[in-house]
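Below is one structure, written out as structure tokens; comments come after it.
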Amino acid sequence: MTRRIVIAAAVLTACRGGGSVLDRQPFPAAWTADIAALGEHGQSGFATVSVLPEGGTRANATLSGGSAGGNHPWVLQEGTCESDGPVIGDAEAYPILRPNERGNASGTTTLDLSLSADKQYALRIYQSPEDRETLVGCGNLQSNR
């Protein structure tokens, strides 16, 4: 009987999974946003932002129903869609969103800084690299904590 218990314990230990320690750690902070279309050429979609356990922040913007062939810069900013806060990190670190023939686009960046769970943030999408004044989409990030 003791031998069976020892074998069962060994099998259970071996089956626990081989993920890394980081796979089992929760993200220190995470946010999501629904991106609302703004203006005549508006783009809608959603965003996810996570502070990574090893440091830094990963942000993803996904558009749907946009215009194929567009080139839309995007950034995270401190504050809300209704305010004009500073850009988080270098604006050039965010890849241009280029909708495909169905109007869908997605872009991900990893920034070398961590966002604070105590602040408000928004994701802004602009008309084009040449027109970073006209907003075509914006979403206020909501904390998942």
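Condition check: at pLDDT below 95, touching a Leu at 6+ places or on another chain (Cβ under 7 Å) and over 19 Å from Gln120 (Cβ atoms). Does Glu54 satisfy that?
In short, yes.
Within region 46-84, work out how many residues are farther than 13 Å from Val136 by Cα and open to solvent by 20 Å² or more (accessible area, probe 1.4 Å).
Of the residues in region 46-84, 16 are farther than 13 Å from Val136 by Cα and open to solvent by 20 Å² or more (accessible area, probe 1.4 Å).
Taking region 85-97 as the region of interest, how many residues are open to solvent by 20 Å² or more (accessible area, probe 1.4 Å) and out of contact with any Gly (no Cβ under 6 Å at 6 or more places or on another chain)?
8
Condition first: in contact with a Ser or Thr (Cβ under 6 Å, 6 or more places away or on another chain) and at pLDDT 95 or above. Now tell me which residues in region 58-77 satisfy that.
Arg58, Ala59, Asn60, Thr62
Taking into account only those residues within region 103-145 that are hydrophobic (A, V, I, L, M, F, W, C) and within 21 Å of Ser64 (Cα to Cα), which is most open to solvent (accessible area, probe 1.4 Å)?
Leu135
How many residues does region 24-41 hold that are modelled with pLDDT under 85 and open to solvent by less than 50 Å² (accessible area, probe 1.4 Å)?
Within region 24-41, residues that are modelled with pLDDT under 85 and open to solvent by less than 50 Å² (accessible area, probe 1.4 Å) number 1.
Could you check Thr80 against (1) under 17 Å from Arg132 (Cβ atoms); (2) in a loop (DSSP other than H, G, I, E, B); (3) modelled with pLDDT of 95 or more and say which number it fails?
Of (1) under 17 Å from Arg132 (Cβ atoms); (2) in a loop (DSSP other than H, G, I, E, B); (3) modelled with pLDDT of 95 or more, only one is false for Thr80: (1).
Kindly evaluate Asn100 against the criterion of being outside any strand (DSSP E or B) and either surrounded by 19 or more Cβ atoms within 10 Å (Cβ to Cβ) or on the phi < 0 side of the Ramachandran plot (or both).
Taking the combined requirement at face value, the residue satisfies it.
If I filter region 57-77 down to residues being in a strand (DSSP E or B) and of a type in the set (Ser, Thr, Tyr), which single residue comes out as nearest to Trp31 (Cα to Cα)?
Thr57
The values are calculated or read from the model by the stated rules, or taken from the named source; none is laboratory data. Since the model is a prediction, treat every value here as computed from it, not as a measurement. Because the Cβ atoms are built from the backbone with ideal geometry, glycine has one as well, and the counts that use them run over all protein chains shown. Surface accessibility is based on the protein's heavy atoms, side chains included, excluding ligands, DNA and RNA. Shrake-Rupley method; radii C 1.70, N 1.55, O 1.52, S 1.80 Å.
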